[in-house]
Amino acid sequence: MDVRKMDFTYTASVCSDLNLIRDFVDELLTKLDGIIEDSDTMFDIRLIINELVINGVFHGNECQDTKCIKLNLEINDKEIIIQVEDEGDGIDYDFSKYDPYDLKCSGRGLILVKGLSDELIVNQNRITAIKYLEKQRLRSK
């Protein structure tokens, strides 16, 4: 994974308006383009962020534009930590009960995020995805 060696922290929130969400996510991804050089890692991070934010908007905040999504992202020399929190009641998700042959619209996003993350922590209305960085492949700025 090619990531410039540096500490990076990003904290922001956005209301659950899909027009605002697109620009919000694009702004963060533009910032990350200068930090994460590996296209595969960038793809994973982009998908994780998109899935978590959109899940928060639809399932947590129920598309109520008066409710917001909080996003915290931290990159250090060991890991990338993405935390998304909505204003919903939270979930108690059992990954073992997900059936890919069941054509439900909910649950797939979290399965994707779990597959792309090294750790996934679901705590009510806050989800944290952690992706480890290989120390020997970090690049200095």
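A few points about this structure:
- Total charge dipole magnitude, region 1-70, about the Cα centre, Cβ charges on Lys, Arg, Asp, Glu only, Debye to nearest 20: 240 debye
- Distance between the modelled labels on Lys31 and Arg126, one decimal in nanometres: 1.9 nm (7 Å Cα→Cβ projection).
- Label positions at Glu119 and Asn76, each projected 7 Å from the Cα along the C-beta direction, are separated by 1.1 nm.
- Net length available on complete extension from Gln64 to Leu18 is 15.5 nm, with 0.36 nm assigned per residue and the Cα-Cα distance removed.
The numbers here are math on the coordinates, done by the rules we state, and not lab data. The structure presented is a predicted model; accordingly, all values stated were derived computationally and were not measured. When we count neighbours, we look across all protein chains shown, and the Cβ atoms used for this are built from the backbone with ideal geometry, even at glycine.
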